[in-house]
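The values are calculated or read from the model by the stated rules, or taken from the named source; none is laboratory data. Predicted, not measured: the structure shown is a model, and the values here were computed from it. Cβ: placed from backbone, ideal geometry, glycine included. Neighbour counts: every protein chain shown. When the accessible area is computed, the model is the full protein with side chains, heavy atoms only, and any ligands, DNA or RNA have been set aside. Shrake-Rupley method; radii C 1.70, N 1.55, O 1.52, S 1.80 Å.
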Amino acid sequence: MIGAGVVGFSVAWHLQRSGHQVTLFDPQLGQAQGADAGSSAALGLLMARVFRRSSGRGWRLRQQSHALWRQWREELQQRGHVLPFRPGLLQLATTAAEQEAQAQLAEQRQDLRLLDPAELETLRPLIPQPSLGGLLSPEDGQLDPIPAMRALQEDGARLGVQLNATAVRGLERSGSGQWRVVGGQGSYDWVVLSAGLSSSALLEPLGHERPQHPVLGQALELQLADGDQAPLNWPGSLSWSGINLVPRPQGRLWLGATVEIDQRQGQPEQLLALRELDGKAPAWLQRATVLRQWQGLRARPLGRPAPLLEQLEPGLLLASGHYRNGVLLAPATAAWVAEQIEQG
């Protein structure tokens, strides 16, 4: 397994508990995630039931992960690992077209509920504007990605996952049909690539063109001013105009978004736009103090739908390019990898 983001840890843990012997390679194992790691700027919103489509691979992966995360949380928590989960996700409609789409979705799925005008009015001073309507999904929510990755890593190590902080420089076929990891030791029956943008570079010498485009994931943690604790009474996390707002304990709030630009670190203007919600931040949000900020590059596939789930050669699997949905789709990705291996 190459890559120790949330997808890499999930795949390694799931394979090990399924009876396979797994070695997880990542040069940043044992340290904080690097600035270029996609999981480092994830807020962990699980948007499955409010997904607009009702068919296709994306729909199936989301629903599978939605069920698996519930099972995984229960299993890990029984062994003493706490995976903080905040239930509830409120999507706000900023246009009449979005409001109509929400109404149609609520008709299709009984677990979703449209906010009535009175409910929306009580929230109006506290939510970004314009907000013409709201669709509440009690089953969706937010999972803290860092504690989740820590739980998967620790329980995986207990099960026998081997951690290797070597930087993988390449992949080679051995004479026996196994794979050698250039920079590491030993040969392996299967290699799973989940190294974000580095996956493409490792595949090119093997003749596989799977280009991925870097986009910027960014997040802020804010401390609300005294008396501005009302957002904690929201019915869950908020999604508004591509920006996610996640209430946190002790009067704090996370803001996060993915910026569709090909730039690396040091984006003060982008963080400022996020901080001000592109000029539409409510007064209470403007009064909040920034405690910390973090950014990370996410891999978006070019010319192919996200994520990239492919068997490229016998024993070589690609599970990368999750773009905005690495935390959400990690369990379904792990199940797909296990299925490919078990089918041989």
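A few comments on the model shown:
- Checking the stated criteria, Thr333 turns out to be assigned to a helix (DSSP H, G or I), in contact (Cβ under 8 Å) with a residue 12 or more places away in the chain and touching a strand residue (DSSP E or B) at 6+ places or on another chain (Cβ under 6 Å).
- From His81, His20, residue being farther than 24 Å from Thr258 by Cβ, modelled with pLDDT of 95 or more, surrounded by 14 or more Cβ atoms within 10 Å (Cβ to Cβ) and touching an Asp or Glu at 6+ places or on another chain (Cβ under 7 Å): His81
- In region 40-69, residue nearest to Leu328 (Cα to Cα) [restricted to those that are open to solvent by 50 Å² or more (accessible area, probe 1.4 Å) and polar (S, T, N, Q)]: Gln64
- Pairing each residue of region 1-28 that is closer than 10 Å to Val161 by Cβ with any residue that is modelled with pLDDT under 95 and among the hydroxyl-bearing types (Ser, Thr, Tyr), provided the two are 6+ apart or on different chains, yields C-beta distances under 9 Å for Phe9/Ser39.
Listed here are the residues, each with its yes/no results for (1) in contact (Cβ under 8 Å) with a residue 12 or more places away in the chain; (2) among the polar types (S, T, N, Q).
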| site | (1), (2) |
| --- | --- |
| Asp116 | no, no |
| Glu121 | no, no |
| Leu132 | yes, no |
| Gly141 | yes, no |
| Ile146 | no, no |
| Gln153 | yes, yes |
| Gly156 | yes, no |
| Ala167 | yes, no |
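To keep it simple, each residue is scored yes or no on (1) under 30 Å from Pro125 (Cβ atoms); (2) in contact (Cβ under 8 Å) with a residue 12 or more places away in the chain.
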| position | (1), (2) |
| --- | --- |
| Arg292 | yes, yes |
| Arg300 | no, yes |
| Leu309 | no, yes |
| Leu318 | no, yes |
| Ala338 | no, yes |
| Gln343 | no, no |
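- Region 273-299, residues that are within 21 Å of Arg324 (Cβ to Cβ), basic (Lys, Arg) and touching an Asp or Glu at 6+ places or on another chain (Cβ under 8 Å): none
- Near pairs, Cβ below 8 angstrom, 6+ apart or cross-chain, from region 177-198 (free of Cβ contacts under 8 Å to residues at least 12 places away in the same chain) to any residue that is open to solvent by 60 Å² or more (accessible area, probe 1.4 Å) and charged (D, E, K, R): Arg180/Glu172; Arg180/Arg173
- Pick from region 283-311, criterion among the aliphatic types (A, V, I, L, M) and part of a helix (DSSP H, G or I), ranking: least open to solvent (accessible area, probe 1.4 Å): Leu285
- Evaluating Trp72 against the criteria (1) touching a Phe, Trp or Tyr at 6+ places or on another chain (Cβ under 7 Å); (2) within 19 Å of Asn325 (Cβ to Cβ); (3) surrounded by 15 or more Cβ atoms within 10 Å (Cβ to Cβ); (4) of a type outside the set (D, E, K, R) leaves one unmet condition, (1).
- Positions within region 1-29 being more than 22 Å from the chain's Cα centre (by Cα) and closer than 20 Å to Gln185 by Cα, in sequence order: His20, Gln21, Val22, Thr23
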